[in-house]
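The structure appears below as structure tokens.
The values are calculated or read from the model by the stated rules, or taken from the named source; none is laboratory data. All values reported here derive from a predicted model rather than from experimental measurement. Every residue, glycine among them, receives a Cβ derived from its backbone with ideal geometry; neighbour counts consider all protein chains shown. For accessibility, only protein heavy atoms count, side chains too; no ligands or nucleic acids. Shrake-Rupley method; radii C 1.70, N 1.55, O 1.52, S 1.80 Å.
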Amino acid sequence: AKEDGKNRIVAYEQKMREGIVNVLAVENDLKRALKAREFQAYYQPIVNLADGTLYGFEALARWIHPERGMVNPGEFIPVAEDTGLIVELGSQILEQACTTMNQWREKYPIANNLTVAVNISAKQFAESSLPTEVEDILQRSGLPSDNLKLEITETVVMLDAMKSVNQLNFLKSLGVMLSIDDFGTGYSSMSYLQKFPTDQLKIDLSFVQRMEKAPENIEIIRAIVNMAHSLRLRVVAEGIETERQRDLLYSLQCDYGQGYLYSRPLPEKEAEDFVKNSD
Ligand code: C2E
Ligand code: CA
Ligand code: CA
Ligand code: CA
């Protein structure tokens, strides 16, 4: 039994070492890929739940790897976050999203009324230089600030809520829209929610996807929507895959929806076709 325990520890240490080597390998590859500009923003449509018309897009990072093909964020965002490389990655995606949305705006009148939502990581949000960076990117791309939305997760904004009020106020003063992402998975304080200059809450897809199997999720969503509306916030539901989910969310008075029912995240050209066809 003693030998067994020892073997287990050896096996565990071996695994740990491999894990560390793997993180280092991914880190080096990420650095190379950032220089080589291998990250692409994909765009997932967000629609008005009432009539299915286009409301905007969420930009989602994809790694177009020369050997591995397309790599999803689950595989590189955590490493990028741990190594701080997320800051550079985040600005590349932000720049692409603003530039692309502005090109659409110049081609299709409807795009003037669309917003592109960009995810802001914990590390980016903590940087005091973020508002200036956003301002610079808006200027370079020519995109009006109200066509840009920043998504910051509930966990991140609530981590140091007092500090977040300031950072959110700086960002809001640029005229951008602010959205609290993955809402419902963290612990929000109502009194802070009221102090945040946010425009919308995004209900985490886990609630949407459990809605039918576990109906208590319907009541959670109802409570979130009612609270959000009483604070004059709009509500986006993500992860909508079925018409039944869409109908339920609409009956719960969610404002906007996003999910495979409408479209997967699309490469730039296909997303442009989506805009063109809505124009
Ligand atoms: P998120 O911000 O919560 O984004 C929503 C995720 O749900 C996306 O996964 C999207 O593809 C996926 N999704 C959308 N509709 C459906 C659906 O109907 N069913 C299912 N099962 N999934 C759906 P994705 O693109 O893999 O991104 C995962 C996470 O990676 C994002 O979660 C976000 O936290 C992070 N991420 C992606 N791009 C960026 C980025 O540019 N910067 C930062 N900081 N994080 C990013
Ligand atoms: Ca332009
Ligand atoms: Ca998001
Ligand atoms: Ca989410």
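General observations
- Summed residue charge, Cβ within 14 Å of Lys276's Cβ, Lys/Arg positive, Asp/Glu negative: -3
- Whole-Å semi-axes of the ellipsoid equivalent to the range 197-279 (Cα gyration tensor, √5λ, descending): 24, 17, 10
- Accessible area, probe 1.4 Å, largest first, for residues Arg8, Arg234: Arg8, Arg234
- By DSSP, the beta bridges lying fully in the chain are antiparallel in about 40 percent of cases.
- Per-peptide average of other Cβ atoms within 10 Å, ordering 132-139, 55-62 highest first: 55-62, 132-139
- Accessible surface comparison of Arg244, Arg32, probe 1.4 Å, protein chains only, largest first: the order is Arg244, Arg32.
- Note on exposure: Tyr262, Tyr256 ranked by accessible area (1.4 Å probe, complete protein assembly) read Tyr262, Tyr256, with the most exposed listed first.
- Cross-link pairs exceeding 21 Å between alpha carbons, from the set Lys35/Lys107; Lys149/Lys195; Lys163/Lys195: Lys35/Lys107.
- Accessible carbon and sulfur surface of the chain relative to its total accessible area, %, 1.4 Å: 52
- Highest average first, the peptides 79-90, 212-223 ordered by how many other beta carbon atoms sit within 10 Å of their residues are 79-90, 212-223.
- To the nearest 10, the accessible area of His65 is 20 Å² with a 1.4 Å probe.
- Kirkwood-type radius of the range 138-279, with distances r between different C-alpha atoms, in Å: 16.3
- Protection proxy ranking of 66-72, 155-161 - average other beta-carbon atoms within 10 Å, highest first: 155-161, 66-72
- Estimated distance in nm for a label pair at Phe170 and Asp247, the labels positioned 7 Å out from Cα along Cα-to-Cβ: 4.8
- Per-residue [θ]222 nm for the chain (sum of -39500 (n - 2.57) over DSSP H runs n ≥ 4, rounded to 500): -16500 deg cm²/dmol
- Size-normalised alpha-carbon gyration radius of the range 98-143, reference 2.2 N^0.38 Å: 1.32
- Alpha-carbon centroids, the range 58-87 and the range 142-186: separation in whole Å: 22
- For the range 159-255, averaging the sequence separation of C-alpha pairs within contact (under 8 Å, six or more residues apart) and dividing by the residue count gives a relative contact order of 26 percent.
- Counting only Cα atoms, the chain measures 66, 45, 38 Å along its principal axes, largest extent leading.
- Accessible surface area normalised per residue over the chain is 51 Å², counting heavy atoms of protein chains with a 1.4 Å rolling probe.
- For the range 53-148, the alpha-carbon radius of gyration amounts to 1.15 times the rule-of-thumb value 2.2 N^0.38 Å expected for a compact globular protein.
- 0 to 90° range, to nearest 10: angle between helix 216-230 axis and the chain longest Cα axis: 50
- One decimal place: the segment Glu67-Thr99 gains 8.8 nm when fully extended, by the rule 0.36 nm per residue minus the C-alpha distance.
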